[in-house]
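No lab work stands behind these numbers, since they all come straight from the coordinates. If you're wondering where the values come from, they're calculated on a predicted model, not measured in any experiment. Quick reminder, even Gly has a Cβ in these numbers, built from the backbone with ideal geometry, and neighbours come from all protein chains shown.
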Amino acid sequence: MELFELRARELAKKIRTGEVSSVEATEAVLRRIEQLEPIINAYITVIADKALDRARSLDDKRARGEDTGPLGGVPMAIKDSIIVAGTRTTAGSHILENYIPPYNAHVIDKLLDAGAVFVGKSNTDEFTMGSTCETSYFGTARNPHNIDRVTGGSSGGSAAALAAHECIAALGSDTGGSIRQPASFCGVVGIKPTYGRVSRFGLIAYASSLDQIGPMTKSVEDSALVLSVIAGHDRRDSTSLDEPVPDYIAETDAGVKGLRVGLPREYFGEGLDPEVLKVTLEAVDILKSEGIEIVDISLPHTEYAVPTYYLLATAEASANLERYDGVRYGHRSGDAENLYEMYSKSRSEGFGIEVKRRIMLGTYCLSAGYYDAYYRKAQKVRRLIKEDFDHAFGTVDAILAPVCPTTAFPVGSKINDPLQMYLADIYTISLNLAGLPGITVPAGKARDGLPVGVQFMGRILDESTLFRIARVLERNVGYLNVEKGAV
Amino acid sequence: MRYVPTIGLEIHSQLATKTKIFCGCSTEFGSEPNTHSCPVCLGMPGVLPVLNRQAIELAMRMGLLTGGNIQRMSYFARKNYFYPDLPKGYQISMFELPLIRGGHLDLRTSTGEKTIRFNRIHLEEDAGKLIHIEGDTKSYFDVNRCGVPLIEIVTEPDFETTEEITLFLNTLKEMLIFSGVSLGNMEQGNIRVDANISIRPVGQKKLGTRTEIKNMNSFVNAAIAINAEIERQTDIVEQGGSIVQETLLFDAAHKTLAAMRSKEEAHDYRYFPEPDLVPVFVDDEWIGRVRSELPEMRDQMRRRFETVYQIPAYDAEILTTSPEIACYYEETIKAGADPKKASNWIMGEVLRVLNETQLPLGEFKIKPPMLAGLLSMVEKGTISGSMAKTVFDEMRATGKDPKAIVGEQGLTQISDKDALEKIAREVISSSPDEVAKYKAGKTQVLGFFVGQVMKATGGKANPGEVNAIIREILS
């Protein structure tokens, strides 16, 4: 097995025991990046020199007999919506094309403490708005399983980098499914933790009440490892939860016998591709054979999730993106005659079409006369959706659902049809509205050779149960390798 | 026809916190531009606000003092608009659910008691400051004010005269300062006043169309501007015109009002709950603690000074013009000074110096124990009253202890009877003419002898002693 194919936990162990060095692993990953990036475009910025310097210093530290942490020396990709001090952070946008932030996101500080090596900033839909990674100003990321297909969005860069072994582990962010859906399309593991489990400090905001950073990895165990590093209270984020962080790795192998998993009937209806359904039901059979009881449940307000999400997320986005005005940082138009022209031109030139569409939508639904009809009503529906989950979790320990109605779609097929694209999030969005955790784990491949993942949704702060169930499925399904010759 | 004005006020006051409302940057006034800034108050991508709980407590104090209802749950909202002084493109402010509802302030006006009701008190962050220099085509931006905590006190439209307004503003300012809620410094923008004004014919219930005046940065200007607006509205109505709802700016230099924006151009702020902050929950325990920590207000303090220190009402009034002066006074007494003598010195010398130099009390070099030391030296007769003035000036200039000054300059008063008698005899024997006058009944010549003795001792002689000795010799 090549070094770049290793999982984070294995690699960290090999580095700790001195079997390989961090520099060797980092070089292997960087060579892989050099070789594949012209095709995949998983990264917006690669920081080879910094990564090697960091790897070297970690190797030195280990040589001195010091502990380099649970991720000591492991090369990682960071979604470009997460702030890394001194490294260009663009959120996939022209408006932040040359933005070099002076501070680290909380999760970045945590990963650095744990010994991670950052090899680059991975591609994302602009301001994480999109389900295909095609709205990035820096070009479309390609699915390593089939480069004519999208990676999914918006954490498509991280998912593609993992599938193509251009990193060992990665971070993504999930506002309406942006970790889980690309993980499913690219055949890797992605978890959206409970809202508030991981600090959002340093995550470039799209929709503050929905955004959550989470690990994207090649295995469930790695997911547990990375989450245990980044989870926990941060006083710089008021919405961060002050709750103890369990030993996720230990709990991952606790087994599943006797657990009850619900299948929400609203997620198995019209629009679900038969191939995706087939793989999903195979996963259900695996769980049954492992001693899990499968229960039929209902989440009756599911049909309202997409419109509710697009009202609330865009409303928040319209405010979150107001700071990009060309005054203090980022793109400023060169030919403005006065202040308002400067705002207008800087923003017109700096934002892409999807971002503009969502700003307009959000501004509209917050404006006088429409607030009650749209924003306030959406907040009420949000509560109903939350109550659906509360009710369901009265009888089950987790919920199993498809991640997306289809496998990865062809590049260009939905980019000009936003409503079609929005519907791709139909199975992932409710969870963000409810603030609950969800994990995507590979379940198999469809006939077209594209990966299909399933998601498990859990109770608030109950990531452990999700890891347990996902681990069992993973043991049965295995890693979905990219076919030879696909890239 | 006669018209009654109806006026409501909105007062923004800077809270006396050390740090900003959503980050740890300093709120200190007068620093170099852009030295109090961080990614949070600059609104950099990815950063989040964290609420300063002290700001909530200070606002609660104001609510408790005015009998307002402190809401068990309140939350912040985003007020969205583009302006270069607003880094995030929105201001974080309380909107739908403010921290405090209701409350009132009672005034004693020349025509009787008047109650001004409060609609609400809420918190918000201040914007930055734009600097435009004449002749320069660029504008400059200072972020030091960005995120400075403010309370906005909104009254009901209960004012009818500018006398009420001036009285109200002065009372409110006194409360803000004595409660420690705000430093109340108008020059530093600690208090800013907006007014909503309408007029209606006497007897009519329905309120007229209102206009809003912004940017009144002194109470005198507020009264002038409001009177000008009442006159303007009255003229328009009397000439058969109608009032247009608009926002006016008061130009303090020219004492004129100019339209800022009309209702048609009014902003749609698109308020919605700030998702980056959790709601503010206040329980009885917290309210109880804030209540127990409420500082003494001026009236209570004045009464206490009169009864405890047995000083005249006039003194108590002056000594409570600010909490700092009152504290200075009490510290001086604690250090052993006589209450009335301390009062005399503070009212006379200390306040005179502070007025002349415009020095804040914190930078005044004579600390209360030093003043008490000086007074005790006078009391014991170590130095004379006039010497004390000299020592005081020296203390004020150098910050040295009075004992040290007296020692260094050899200012100790001569009360030694034998020594004084010797000098007095010399003075008398060298002035036979004056002695003759005295003996002839011109007793005012006594002053001449005392003066001569004082001169001979370089002012160090105890004048009382000298007086007695000379009388004795000449008798």
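Checking the a/c ratio against 1.5 first, then a/b against b/c, what shape does the Cα gyration tensor give for the range A:174-310? Here the range A:174-310 falls in the oblate category.
Taking Lys and Arg as +1 and Asp and Glu as -1, the other residues whose beta-carbon sits under 14 Å from that of A:Tyr304 total 0. Using the Karplus relation 6.51 cos²θ - 1.76 cosθ + 1.60 with θ = phi - 60°, the per-residue 3J(HN,Hα) values for the range A:119-126 come to 9, x, 9, 8, 5, 8, 4, 4 Hz, with x marking Gly and Pro. The phi-based Karplus calculation (6.51 cos²θ - 1.76 cosθ + 1.60; θ = phi - 60°) puts the 3J(HN,Hα) values of the range B:177-192 at 6, 5, 7, x, 6, 9, 6, x, 8, 5, 4, 8, x, 5, 10, 10 Hz, whole numbers, x for Gly and Pro. Remark: relative contact order (chain B) = 13 percent; criterion is Cα-Cα distance under 8 angstrom and separation of 6 or more residues. With the convex hull of the Cα atoms taken as the outline of the range B:206-324, the averaged projected area works out to 14.9 nm².
Explain nothing, just the number: relative contact order of the range A:1-73, from Cα pairs under 8 Å at least 6 residues apart, as a whole percent. Value for the range A:1-73: 44 percent.
Listed by chain and number, the aspartates and glutamates whose C-alpha is less than 15 Å from the C-alpha of B:Lys439, apart from same-chain residues fewer than 8 away, are B:Glu472. Counting every C-alpha pair in the range B:1-89, the share spaced more than 16 angstrom apart comes to 70%.
Taking a straight line from the alpha carbon of A:Lys61, these lysines sit under 20 Å away, with near neighbours fewer than eight places off in the same chain left out: A:Lys13, A:Lys14, A:Lys50, A:Lys110. For trypsin sites (Lys or Arg not before Pro), the sites in the range A:15-74 that DSSP calls loop and that have at most 14 other Cβ atoms within 10 Å are A:Arg64. Working from Cα pairs under 8 Å separated by at least six residues, relative contact order for the range A:258-387 is 28 percent. For A:Lys218, a cut-off of 12 angstrom between C-alpha atoms picks up these aspartates and glutamates, skipping any fewer than 8 places away in its own chain: A:Glu5, A:Glu10, A:Glu166, A:Glu474. Bridges between two residues of the protein assembly as shown, per DSSP, are antiparallel at a rate of about 85%. Shielding of peptide B:437-446 by partners, expressed as the average count of other chain Cβ atoms within 10 Å per residue Cβ, is 0. Derived scalar couplings between HN and Hα for the range B:324-333 equal 5, 4, 4, 5, 4, 4, 5, 5, 5, 5 Hz in order, rounded to whole Hz, by the Karplus curve 6.51 cos²θ - 1.76 cosθ + 1.60 (θ = phi - 60°), x for Gly and Pro. Centre-to-centre separation between the Cα atoms of the range B:152-201 and those of the range B:428-458: 63 Å. Per DSSP helix of 4 or more residues, -39500 (n - 2.57); summed, then divided by the residues of chain A. What does that give at 222 nm, rounded to the nearest 500? Computed mean residue ellipticity for chain A: -11500 deg cm²/dmol. For trypsin sites (Lys or Arg not before Pro), the sites in the range B:1-66 that DSSP calls loop and that have at most 13 other Cβ atoms within 10 Å are B:Arg2, B:Lys18.
Taking 24 Å as the limit for the C-alpha separation, the pairs A:Lys121/A:Lys192; A:Lys356/B:Lys88; B:Lys340/B:Lys380; B:Lys367/B:Lys460 exceed it in the case of B:Lys367/B:Lys460.
For B:Phe448, B:Phe305, B:Phe219, the sequence from fewest to most other C-beta atoms within 10 Å is B:Phe448, B:Phe219, B:Phe305. Shape call for the range A:135-248 from the C-alpha gyration tensor, a ≥ b ≥ c root eigenvalues: rounded (a/c under 1.5), prolate (a/b greater than b/c) or oblate? Note, shape of the range A:135-248 comes out oblate. Footprinting exposure proxy ranking of A:Glu322, A:Glu463, fewest other C-beta atoms within 10 angstrom first, gives A:Glu322, A:Glu463.
Just to confirm a number: summing +1 for Lys and Arg and -1 for Asp and Glu over residues other than B:Glu156 whose beta-carbon lies under 15 angstrom from that of B:Glu156, what do you get? Taking every other residue near B:Glu156 into account, the sum is -2.
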